[in-house]
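Before any comments, here is the structure.
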Amino acid sequence: MSPRKTYAEHQQALLARYPSGQTSGGVAVDDIIQLKLQNTFNTHLDIAKAMSLVMRADMAEYDLDSSKFTQSLGCWSGFHAQQMIKSVKRLRGTTKGAYVYLSGWMVAGLRNRWGHLPDQSMHEKTAVVELIEEIYVSLRQADEVAINDLFKDLKAARKAGDDVAERAAIKAIDNFETHVVPIIADIDAGFGNENATYLLAKEMIKAGACCLQIENQVSDAKQCGHQDGKVTVPREDFIEKLRACRLAFEELGVDEGVIVARTDSLGAGLTQKVPVSKEPGDLASQYIKWLKTEAITPENPIQEGEIALFQGGQFVKPVRMPNGLFAFQDGTGRARVVEDCIASLTEGGADLLWIETDTPNVDEIASMVNEVRAVVPNAKLTYNNSPSFNWTLNLRKQVIAQWVAEGKIAADAYPDGAGLMSAELDGTELGQESDRRLAAFQADISARAGVFHNLITLPTFHLTAKSMDELSRGYFGPDRMKAYVNSVQREEIRRGVSAVKHQHEVGSDLGDTFKEMVAGERALKAGGHGNTMNQFAAE
């Protein structure tokens, strides 16, 4: 990613063209500099190229130090993404290590034209591209608003004749860090065959995606990773889609584009077809060996229309479901996951893995990753810290199981099942130890299980539901305006959330600045004395 030109570099180039400090039409050089610096990226394809380099650098840093893992939250609007990144930047002073996750689940559930749909690839694929585009428009607008504020500081310093403040303002402009960060974008199972995957991948990359996440389910039978009925495809089929994504990156010049290969095999008991094996030990034979089969005997003969496989020196019948799908042997999901991961890395050229699990268990995930790393030592994961897990229940069960194994407590020391969710347990040793493990979970899984990127797929879905419930219960109940002020506005002010000045947040001051650029004293501005946003000026 080439460095941005400094204020001085822009000024020098422009003054060479306009020695008087303004164009023949009266446009000031400083205003041109501001607009050039506000336009942090010319195209969204430029974003994809730049962010792929950011992500590659982060991956290299993680390889040296597993504590340098990255994080993201799933966002279903540009505003969600913008507020997340602004919060990270305000709290950390940098956006480094923070990404945006674009969830196919939330596109299906919240961003398509056909209503709220389940995560089964039924939504229009263009909605995914449109959301990537929207997120980057919002992040770039955050840049514009912030840089405009910095130039206001510069103008104020010059007006006051304060050279020290002027130099400080220019330094702040030169050191400005963009709100634009990498997006890991969910392409589901590719929305069709390998050519359809390639075409959609190109559109997602042109919208700004530097990283595509694709799963090994069947496109036309895709299920949410945490639901039943998942159907995987043979590894050759999945590898073809990984190659389709790579070709899309290469064609568009995003040479360092990142591909996340997701396997749903841990919870998938079905496959759509039996691949053709050409020689012992090939990808097809490795896949076929896990099929559930029945012996062909006089009591269970082969019937007209049935399929037979030659395995272990004899013919057997693969178990076929009434819908034509083939079943895998029970308990083979873990072994299939390991083989999926190795094939995706070595044969498909994937950069990161995603293992969809049914519980958040560090030991379980680490054991699978260790097997993969025995073949591919630098294998790295993206892990879904999913809201589909009951985190409180799972972590408390894990603590109890360990304490029972250690002889610390009796097996019946705590209630079973839903009783473990009781708020009365929050302050107990069990509650505190579970919360300690919860706080350490991402660092633990990154150190022990090769997780480079920790994400939560659906946080903004649940946060919006909870926040609206919280506000509605008070506002439509006895508290009325007190509910809004206490739960929203006071917290915005006290935390320094910039959105409390909502007019400024959406670019009102930015518009005023542009009016001044072209109209000078004639500019009709919105930010005068009558603007009620001035009530928040001291905040």
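The values are calculated or read from the model by the stated rules, or taken from the named source; none is laboratory data. Not measured: the values here are computed from a predicted model. Every residue, glycine among them, receives a Cβ derived from its backbone with ideal geometry; neighbour counts consider all protein chains shown.
Whether any residue in region 382-401 is surrounded by fewer than 16 Cβ atoms within 10 Å (Cβ to Cβ) and over 26 Å from LYS466 (Cα atoms) is what I want to check. So far as region 382-401 goes, yes, one or more of its residues are surrounded by fewer than 16 Cβ atoms within 10 Å (Cβ to Cβ) and over 26 Å from LYS466 (Cα atoms). Scanning region 483-511 for residues that are of a type outside the set (Gly, Ala, Ser), within 27 Å of the chain's Cα centre (by Cα) and not in a helix (DSSP H, G or I) turns up VAL497, VAL506. Of the strands (runs of 3 or more DSSP E) lying entirely inside region 279-350, those containing at least 1 residues that are over 32 Å from the mean Cα position of the chain (by Cα), of a type in the set (Lys, Arg) and over 25 Å from MET368 (Cα atoms) span 314-318. Take ASP188 and tell me if it is modelled with pLDDT under 90 and outside any helix (DSSP H, G or I). The answer is no for ASP188. Restricting the search to region 112-140, which residues are surrounded by 20 or more Cβ atoms within 10 Å (Cβ to Cβ), among the charged types (D, E, K, R) and outside any helix (DSSP H, G or I)? Those that are surrounded by 20 or more Cβ atoms within 10 Å (Cβ to Cβ), among the charged types (D, E, K, R) and outside any helix (DSSP H, G or I): ASP119, LYS125. Within the bounds of region 342-358, is there any residue that is of a type in the set (S, T, N, Q) and either in contact (Cβ under 8 Å) with a residue 60 or more places away in the chain or surrounded by 15 or more Cβ atoms within 10 Å (Cβ to Cβ) (or both)? Looking through region 342-358, at least one residue is of a type in the set (S, T, N, Q) and either in contact (Cβ under 8 Å) with a residue 60 or more places away in the chain or surrounded by 15 or more Cβ atoms within 10 Å (Cβ to Cβ) (or both). Within region 434-460, being in contact with a Pro (Cβ under 8 Å, 6 or more places away or on another chain), over 24 Å from ALA401 (Cβ atoms) and assigned to a helix (DSSP H, G or I) holds for one residue alone: PRO459.
Inspect region 88-98 for any residue being buried (at least 16 other Cβ atoms within 10 Å of the Cβ), hydroxyl-bearing (Ser, Thr, Tyr) and not in a loop (DSSP other than H, G, I, E, B) and give the result as yes or no. Checked region 88-98: no residue is buried (at least 16 other Cβ atoms within 10 Å of the Cβ), hydroxyl-bearing (Ser, Thr, Tyr) and not in a loop (DSSP other than H, G, I, E, B).
To keep it simple, each residue is scored yes or no on (1) small (Gly, Ala, Ser); (2) on the phi > 0 side of the Ramachandran plot; (3) more than 27 Å from the chain's Cα centre (by Cα); (4) outside any helix (DSSP H, G or I).
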site: PHE151; (1), (2), (3), (4): no, no, yes, no
site: GLU177; (1), (2), (3), (4): no, no, no, yes
site: VAL181; (1), (2), (3), (4): no, no, no, yes
site: ILE184; (1), (2), (3), (4): no, no, no, yes
site: GLY192; (1), (2), (3), (4): yes, yes, no, yes
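Quick one: would you say SER20 is in contact (Cβ under 8 Å) with a residue 12 or more places away in the chain and part of a loop (DSSP other than H, G, I, E, B)?
The answer is no for SER20.
Looking at LEU15, LEU64, LEU37, just one residue is surrounded by 15 or more Cβ atoms within 10 Å (Cβ to Cβ) and not β-branched (Val, Ile, Thr), and that residue is LEU37. Among the residues of region 375-382, is there at least one that is more than 30 Å from THR293 (Cα to Cα), assigned to a strand (DSSP E or B) and either in contact with a Phe, Trp or Tyr (Cβ under 6 Å, 6 or more places away or on another chain) or at pLDDT 95 or above (or both)? Looking for residues that are more than 30 Å from THR293 (Cα to Cα), assigned to a strand (DSSP E or B) and either in contact with a Phe, Trp or Tyr (Cβ under 6 Å, 6 or more places away or on another chain) or at pLDDT 95 or above (or both), one finds at least one in region 375-382, hence yes. Any idea which of (1) surrounded by 20 or more Cβ atoms within 10 Å (Cβ to Cβ); (2) in contact with a Gly (Cβ under 9 Å, 6 or more places away or on another chain) is the one MET204 doesn't satisfy? Condition not satisfied by MET204: (2).
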